[in-house]
Amino acid sequence: MPEIELERYELFEAPTYRFEPERNGFELERRDFFRFLGGGLVLLLALGDTASAQESGRGPAIRGDARPPELAAWLHIGEDGTITVYTGKVEVGQNIRTSLAQAVAEELRAPIGSVQFVLADTDLTPYDMGTFGSRTTPLMAPQMKKVGAAAREALIDLAAEKWKVDRTSVGVAGGKVNNIASGESVGFGELTRGQKLMKSVDGAAVTPPAEWKQEGTSAPKVNARAMVTGAHRFTSDLVRPNMQHGRVLRPTAFKAKLTSFDAREAGQMQDVLVVRDGDFVGAVAPDEMTLSKAVSAIKTEWTADPDPQPSNRELFDHLKKNAPQLPVQHGIEQGLQAADHKLDATYTVEYIAHVPLEPRAAVAEWNEGKLTVWTGTQRPWGVKSDLVEAFKIPEDRVRVIVPDTGSAYGGKHTGEAAIEAARLAKAANRPVKLIWTREEEFTWAYFRPAGVIDIRSGVSQDGLITAWQLDNYNSGPSAIETPYDIANHSAQFHPTDSPLRQGSYRGLAATANHFARESHMDDLAAAVGMDPFEFRMRNLKDARLRGVLEAATTAFGWMKARSEGAPPEPNHGVGLACGVEKGGYVATCVEISIVPADFLGAEVAPAPPRVRIDRVVTAFECGAVVNPEHLRNQIDGSVVMAIGGALFEAVEFASGRILNSRLASYRVPRFSDLPAIETVLVNRKDLPSAGAGETPIVGLAPAIGNAIFQATGTRIRSLPMAPKGFVKSL
């Protein structure tokens, strides 16, 4: 069973909603409603205890990636020769439609354009735990290769029987099955006649990377035309017959309780339905403008949580104060005694938001007791389980379909929007579309965990690290272990109380742990007067990590940039960082400048200087490369996304409220922030392919911090580093 990282907190939360039991039958009871006849308003009144207003989500019991062995569950060849492949993975912009199609086409010896995918439909596709953790390439792609190879062998069997020849006389190429002796050929569809291929997916030999023809090439995105022309439809684009629009009225603060509810004004609006179920309050209307007016007209009062909720100013003290202290592992003190230089430092990382391109959205439809929901999620079966639990209905009465989704970054593992749309659709007895606003995304979704990281270390004058102790409070244990060769080392994760809802984010805690570790490595190098690259190589035995370090520094021109004979330019610096996570190896070099801030006008006080990233070179190795161009896209996207967490992004909060809940007040990378980006792919055809969705993000922040340190002599140990961290340090 695949490992579930501890910092995927959202998978272990309490249920999102607890609807009243008597309201969860398949049919709505007439006594639940009363109508304002003039306005067409319907109110659902809930009785009994109310539920928590803070939204959360919980997935199903972890049951692993249960994979059916039958080929027919994964692949079907129609009479017209169309190859349809089924997988529970979802497309959230990482282009798995293309990479998985390459895997199937490679084994079937067929054009990639003949392979079509049905993704993430809980009624049609095999169960899948979810699309996260860079698992699609290392786990699902090999499965797709087995499926394609098994289908190829099944076609050979059918052709041998048709021609009454030995199977060794049959070959597959160019999307056809060929009789080698006679030269006769037949299409796939002519052989299968649309019937199921009765064969196991196990046993057929797959093509090794050295013999790849379609994998290993930069095949274009299979549905690129639909994307660029706007023909592709996301959840927010879907329209169902008689569909209405829905929205939830949110509490005034986290953990607030509903104490007063007045919908009389909304009741005067035509064709508006208001729904209340405990602390759940929502509205349904025929169009979004009417819906906004109706929600604004509902008057509510909320009682705040009696327990004080800390603000972001108190965050790091809160995290350490509420964490258990663990015993130091044996050998650390001995290693410190052997050190010529000792260094203690604390690093902090703020909460940040996912800011997906497509906010959460869902379309829900009830039909004769069966619920179908279209929604953008990384875990369709997890959302299905959430719906089963929320409405107390059998699993076979719930279907979740995931249209290709406009990004997720780890933030769409839970099913809040699906449950909300389904609750409103049930009350309205019509399909309902619900789309979160940006403010809802910034407030009610979960965040990348904040954290405090303490490091104690020692190094001898010859550059060997003698002791290393890292303690991570809250952000998580991903990539917490050092890749460097240190005899006396300890790495411990301390779970604690998080003031905000937190969960998966691209790279998980690997970004925080790499930031702390790689920043600290440069400080140790400075303590013994060594070049940061040479210092890392001095303490590193891992050949794959050494390989990307050498590739990145060579492409960057590190030795020339750090040459003692060339004095550094004023306010200019270079830095590097490297790391390992999820089977991927990354090294990042950056060049930065400290420049005056943009001119604000004569009437405004001078703004502090800012950090400008001029150039980034990233070397990445993830085994055998499946699609070089799309791998570069993943790496470049990681670099761009990492700029926000490194320099700007931080969630501000106080008294149970998010204070910067809009893009106007939450800074994300802009086109003007982008540096020149160069990517070096280290292709290891002798190694299995690993994923690339997460690991490339971890190197940028520490490399920037190390470049700032070289340029200014100032070490910044907090993310984000600018503008507040940088100005404060100066």
Selection within the stretch 399-417 - surrounded by 24 or more Cβ atoms within 10 Å (Cβ to Cβ) and in a strand (DSSP E or B): Val400
Residue list for the stretch 235-286, restricted to those being of a type in the set (S, T, N, Q) and under 19 Å from Ala361 (Cα atoms): Thr235, Ser236, Asn242, Gln244
Members of the stretch 527-556 that are in contact (Cβ under 8 Å) with a residue 60 or more places away in the chain and within 18 Å of His341 (Cα to Cα): Ala527, Val528, Met530, Pro532, Glu534, Phe535, Arg538, Asn539
Flag if Val388 is touching a Lys or Arg at 6+ places or on another chain (Cβ under 9 Å), part of a strand (DSSP E or B) and either within 21 Å of Ser457 (Cβ to Cβ) or not aromatic (Phe, Trp, Tyr) (or both): no
Matching entry among Gly171, Gly187 (being of a type in the set (Gly, Ala, Ser), touching a residue at least 24 places away in the same chain (Cβ under 8 Å) and surrounded by fewer than 23 Cβ atoms within 10 Å (Cβ to Cβ)): Gly187
Residue check for Gln329: of a type in the set (S, T, N, Q) and under 30 Å from Gln469 (Cβ atoms): yes
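Yes or no, residue by residue, for (1) more than 17 Å from Ile677 (Cβ to Cβ); (2) assigned to a helix (DSSP H, G or I); (3) in contact with a helix residue (DSSP H, G or I) (Cβ under 6 Å, 6 or more places away or on another chain); (4) not assigned by TED's automatic domain parsing to the domain that holds Gln634:
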site: Arg544; (1), (2), (3), (4): yes, yes, no, no
site: Ala555; (1), (2), (3), (4): no, yes, no, no
site: Pro570; (1), (2), (3), (4): yes, no, no, no
site: Gly573; (1), (2), (3), (4): yes, no, yes, no
From Ser478, Ser504, Ser563, residue being outside any helix (DSSP H, G or I), surrounded by 24 or more Cβ atoms within 10 Å (Cβ to Cβ), among the small types (Gly, Ala, Ser) and in the same structural domain as Glu581 (by TED's automatic domain parsing): Ser504
Residue within the stretch 186-194 that is over 21 Å from Asn627 (Cβ atoms), among the basic types (Lys, Arg) and at pLDDT 95 or above present: no
Any hit, the stretch 301-317, residues being more than 30 Å from Ala650 (Cα to Cα) and either at pLDDT 95 or above or in contact with a Phe, Trp or Tyr (Cβ under 9 Å, 6 or more places away or on another chain) (or both): no
Among residues of the stretch 451-475, those that are in contact with a Leu (Cβ under 6 Å, 6 or more places away or on another chain) and farther than 27 Å from Gln334 by Cα, counted: 1
Within the stretch 418-458, considering residues that are outside any helix (DSSP H, G or I) and small (Gly, Ala, Ser), the one farthest from the chain's Cα centre (by Cα): Gly458
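The values are calculated or read from the model by the stated rules, or taken from the named source; none is laboratory data. As the structure is a prediction and not an experimental result, all values here were calculated from the model. Methodologically, a virtual Cβ is constructed for each residue, glycine included, from the backbone with ideal geometry; neighbour enumeration extends over all protein chains shown.
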